Structure formats: structure tokens, C-alpha cells
1. Only counting other Cβ atoms within 10 Å, I'd like CYS315, CYS408 sorted with the fewest neighbours first.
2. Over all distinct alpha-carbon pairs, what is the Kirkwood Rh of the range 533-716 in angstrom?
3. Which of VAL283, VAL192 has the fewest other C-beta atoms within 10 Å, and how do the rest follow up to the most?
4. Scan around VAL384 for amide H atoms under 5 Å from its own, H built in the peptide plane at 1.01 Å from N, and keep only partners 5 or more places away or cross-chain.
5. Pop out the ³J(HN,Hα) list for the range 207-216 in order, Karplus 6.51 cos²θ - 1.76 cosθ + 1.60 with θ = phi - 60°, rounded to Hz; leave Gly and Pro as x.
6. For a quick check: with amide H placed at 1.01 Å from N, whose amide H comes under 5 Å from LYS591's, ignoring anything fewer than 5 positions away on the same chain?
7. Normalised radius of gyration for the range 486-535, please: alpha carbon Rg relative to 2.2 N^0.38 Å, two decimal places.
8. Among HIS443, HIS106, which comes first, then next, by fewest other beta-carbon atoms within 10 Å?
Amino acid sequence: MARLSWWRALFYLNLVILFLVIFYKIYLNFFEQDYGAVHAEQVERIESILHGEDTFSFAVVGNINNSVGIFERKIIPELNRSDVAFVVSAGNAVSGAGEDKYRALHRTLGHLEKPYLLTFGDNEHGAFGGFRYYDHYGPYVFAFSAGNSRFIFLDSSGKTSFKWQARWLEEELDVAPNQNVFLFVGHPLLPVDKTGAFDFGDDDLADEEFRSLLMPMFRDSRIKAVFSSNLPLFSAQEYNGTPFVVTGGAGGFVLNNERSFYHYVKVQVSRSQVDIEPVRLNVGQHKVFRTVESIWFFIHSLFYVGYLNYLLIVCFLMVSAYWLYSLLLRERDYYPDFNHPSEPTLDREIKVAMFTNNYLPFIGGVPISIHRLSTALKELGHNVLILAPQYEQSAEPPEERDVFRLPCLFRQTAAKGIVVPNIFSLAAIRKVREFAPDVIHIHHPFWMGTAGLWMARRLKIPAVYTYHTRLEHYSYAVPLPKALFRNFLSHALVRRLGNRCNAIVVPTEASEHYLRMIGVKTPVFVVPTGIETDKFAELSELEGARLRTELGIANDELVLLSVSRLSTEKNISFMLEAVSLLTKHCSRKFKLVLIGEGPERERLYQMVETLGLQDTVLFPGAVPPETMPAYYSLGDIFVFASTSETQGMVILEAMASAMPVVAIRASGIDDFVIEGMTGFKTMQNISAWTEKVQLLLENDTLRHELSGHAASMASRFGIDEFGKKMIRVYAHVLFTRKEMFHEMPGMQRHQSGHDGKTVH
């Protein structure tokens, strides 16, 4: 409960922040006044204050750097209490040249009760700041007279021509020959002793060209002082009788030692002399307040840099608020809905569009499963459209009325069987729309699966996903870091698609457990893939005898049969090593027949030669599905070593052919291979696996007994039952999709023991 309270508090805090952000933006746009030509107003005030005055004082500050904690709260009150007539910034009043920084400085200077002027410094110039300075304050180079003095401001940033400024300064010095002259330039004109302070090299100085033009003018001139900033310290030195003052302690970072400290410079002007002294302030700012100040400026900047940042932050807050609302405040009932029909059924034809990354003639578990489902649905009177890749034209079946082939974007070798179809095909989209499916059935969590989900959303129909493949076992074939794909991306793909679909179909209980472990919350239905049990049960002895002769298998030899793709995840190397051990200890003659093709074929051939199994292991290659029953008739024992299966249909086919099974204990076989009844399951241990195979080879009675049990078990998984169970899944998603609006035509409600989660 305490944790829930924290989440609830976070939701309301998020709402408060969202409203504050929106209202603050409204305030800034409609209530905060814009400002411009500030210097013109300030000069007029200074001239009025000093009119007819020969004695007065003013303050010079440097490196304000948008300081609130130091300048606004500590130095400005001191200046307001002092007798200075006005304040001049010698440069770097802003910490950056963004609009937010200029507006923040304007608000800070609004607390000053004295007129003020800003020198165009390095910080004012950066990031297009010159335009903002000009708009808000005026020209970078200007001069005016007040009292008995002339105040001249130069631009050392390089934005204004140095040669032009030098000529202009010469003329300014001749304007009023009897006046004191004070010069303000952002960068120091003389090298500064930085001992005990900061060593910035010479980058802090004004440009060498600029200095060479200005320094000769200080001989016999009436310039009483030159003020600069750009360094976080106080320095005073003379050149040809002219004081050069650097002040940089009005708010930026200082060391608080004898040279670098918080201060302002007070200039006392009288008829006969000018006195300059620093006013040291024993103030500082705690790190916490400095950090808070920085955060505030960041937040404030979001409203002035542009609308993009503002919209992004508002969108983020809105999404967060919605997520928290869904998590905490939306009503949820975690108990079953007892008004829901436990098993809705259909008594009308439905249309199912299936999306798959591979299909026949590519031989694999997924294409065969899709073909069997399609066959079962059509036999039950329903319509099916399969959207699959276009393979080589010569390999296409002669007639495909229910298959729409998408053109290829990318293809690898036939051995790897990787084809990337064009999911952006307009023809495919039109085909699906014309077909007008009731349900879209997705068979892969990416590419065609994504296209299928998108189509389901567009057509506003439910999407069903069948989890066929343990993707993590295919990391070797993915052009990504293997560990990244195996440990994260493979599961993320399945979870993401699964949670966006209306239902998920899995072939075994173990697969359902996996989906729950990775965070899938969608209803899961356990529907084992069906097989054509009649085909495998009605074996032709003549065809079997012909194949034995063709493959060179003697009549007194038993056959270990295995059917799988010759690829890494099928773990065939394990089986070959086990067979090598078996040849040394088993008293019964046997052959191992490995049916299938794949990228590992050459490596496995070499392994057979290395182990000396050329006379024991046979590779018939790929076998068409219609020929498989004859090959199953060869087998006496079905052997299997794969750990990557979600079901292992070939195991069911072998059992339907009355073969006991010896396999490695894995997720795809536990529901079918019953220990000591239909076969044996072992750990991935060569000795243990070999022991069980040897037992069945040498014990004819046990082998025949398990053969009968295997055939009986397989008979429960016919293709017709497969289709009926899938129809129940479709009925469920169609009903739950439509029930809040109206009862679907052809939908019947039955209260007969189905829990809405699994189909057995």
C-alpha cells in the first residue's frame, strides 16, 4: 500500500508540474513585457542625474554571468545602499547568449535602483547573442557625456571592425577636450598577472591587432581608466600613466583568495582626480544553491529557446500522466468475468489472413504448421489467405489459390532460406482489403508479423499470434551482438508483439510459462500443432523396402531416424558424437538416417568423416512433405537432440509412425514424450542419451511396447482437432472484440467448461 501511495503522489505531482508549465508559458507570452533600446533610456537617466555635477561616483562590475545567488541577492542590495550614481558592466553579464539568459539578466537588473549600462563582452557575443544584445540594448559601440566625463564603450569580440573602432575612438577623444574619459572594453588590453588565480593562457586578452591599434592612443591622452572583465579576479596596473582595471567578481566562479574574490569597483570622480578601489564582499554561494540555480536556468530556457523544447516537455509530461493514470486510477477487476461466455463458438464461415516470414516450398516447422492449419480450416468450411515471400519462380508450387506472394526485397542463399518480402507492397494491402478478413493470424514477431499487426489495426479486427520459434537459439544467424540478441532483443520482440495482439497461441504448456516469465499479459491458448495422423499410420511396406534398398540399409539393421534442419540450433553435433560412442558399445547393427538440409551440412559431413561414421550415418537431404511418411516407415527409433523447439512436430509424426522417441529434455517435447511409455527424455549428456538409445536397440520387446503407446498418443493430435481448437481461439477474440457493441452474427454462447485462457 505504501508503494501505491508513492505512485499516486507521483501522478498528482506530475499533473501539478504539467499545469504549471502550461500556465507559465501563457504568462510569459501574454503578461511578461518585451523590452528594447534599454541603453537609450539608461543614458538619459545618467545624464539627468549627473547634470552639472563635477563630483560623483559610479560602480563597475564584471562577469555577472547571470548570477542570482551572488549578484542579485548580495551585490545589488549593496549597490542600492551605496552612493554610486550608476552601474556599468564591463562584460560577460550573461552566462550564455540565449534569449533565456538575456531575459533572466533583465529581470535581475530590474532589482537595481540605479541606472546601468552593459559592455558588449565575450558571452554577449556567442551563439548569435549579438542580435539579441542589439535588439534589447542597442549598438555595441557607443559613447555619451555626463557631468564632467565622457564614457566610451568598445567591442573587443571582433563583431565590429577593429580599424573602424580605432578611427572612431580617435575622433571621440577630440570631441570634448576638457572632459575625463572612461573606456570600457570586454577583453583586457594588457596581460594580467594570474598568479594564484586561473591560467587561461592569452585567450582572455583582446585580439593582438586590436591592442596594437589602441595602445598608442593612451600616450598623452585624457583617458582616466580602462575597464575590462573576462577574468575572475581583480587587477589594476598602469600603462603610460593610464590605469587598466580588470574586474571579474560579480557572480561567476571565484577562488576566494587575495586576487580572485567577489567584488565591485567603485570609481570616485572629482574635479581634480579619479580614485579607483575595489569593494570586496565576503559572500559566497553554497554548492546546493548553485546547482538549484543552474537547474532553474535550464527549466527557464525551455520556454525561450523555441517552441520545440516546450512542446517536447509538455508531451513527455502528458504521456507520463496518462501512464500513471492507467497504472493507478483506471478501474480493474482481476477476477474472471462470470458474465463472459466460457466458450464462445462460431456457426458461420470466417476469413483468416495469415502473415508469415517463410512458407512452402521452404521446408521448416513453421511453413508446415501453417499449411496444416490452412488445410484444417478450409476442411471446416472457412476461408484462408496466406501472405508469404516470393521465392525463386522455378520453385513455386503449380497452383496457389489461397497464397499471395510478396515480392522480395532481399534474399540470401537457398541453403539459409532467408527471404525478406516487401511488406510495403500496395498490391498486398489491396489484396487483404479485398479479402476482408475477420481475423489476422501472425506467425512471426517481426517483419511480416509487424505488417500483419499494422493491417489488423487499420481494419479494426483482432490479431492472433502463434509463438512458433525460440528466437534466442538463432542468435548465430543475426548480424547483431550475439549476447544482446540472445539475452534481450529476442525476448523483447516476442513480448512486444504478444502484448499488442488479442491472443497468443502456443503448442505446449512450457511455452505458455515462458511467455508469462518474459512479461506477456495477453490471453494464451495452448493448441498443439496437428499432424495428418492417417498418412503416417498407413505405412507402405513396399515403399519402405524400396527406400531401404535405395539407401543401402541391410535387412538386419535397425534404423535410427532424425528429421530436422541441418543448422546449429538443432544440436546435431551432439547426436553424431553419441552415435560414435554407440557404435563401440551396442551389439545391434544400426544406421542413422538424418533427413534435412541446411547451412551446417558441409560441417556435419566433415564431422562424420572425422568420427569414422561414413558407413553408419546417411544424409538423404531434404525430403518433400508428401514423401515423408515413406521415410518414417524406415525408422525403428526416432532420435532427437534439439533444445530449441516450441513443439517439435516431427516427434509427433514419428510417434504417429509407431516409433518410440529418445530426445533431450526440452520445452517442445515434455507434453508428448512420456517417460518409459512413448519414449525417453534425458539431460544433454551423451552417455545418458546413448544408454537409452542402446536400450531400445537391444530390447525388441520394450521397443515394440513403446511403439504402440507412441502411436496411441499421436492419434490425439489429428489435423481436424487442430483446426477445431483454432476456431475456438478465433471465436474468443472475435467475441471479446465485439461484445461491448453487439453480439456478432453467427456467434453462439456456450457455458461448457472453457476458462478463456487455454484450449486443450
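1. Going from sparsest to densest Cβ surroundings: CYS315, CYS408.
2. 16.1 Å
3. Ascending Cβ contact count within 10 Å gives the list VAL283, VAL192.
4. Counting only residues 5 or more places away or on other chains, the set is VAL352.
5. 4, 4, 4, 4, 5, 5, 6, 8, 4, x
6. Residues meeting the amide H criterion: LEU558, VAL559, LEU560.
7. Numbers: Rg = 12.8 Å, N = 50, 2.2 N^0.38 = 9.7 Å.
Here the Cα radius of gyration is 1.32 times the empirical estimate.
8. Values: HIS443 27, HIS106 17.
Final ranking by Cβ density, sparse to dense: HIS106, HIS443.
A short reminder: the numbers here are calculations on the coordinates, not readings from a lab. From a predicted model like this one, the values you see are computed outputs, not experimental measurements. Note: ideal-geometry Cβ built from the backbone for every residue, glycine included; neighbour counts use all protein chains shown.
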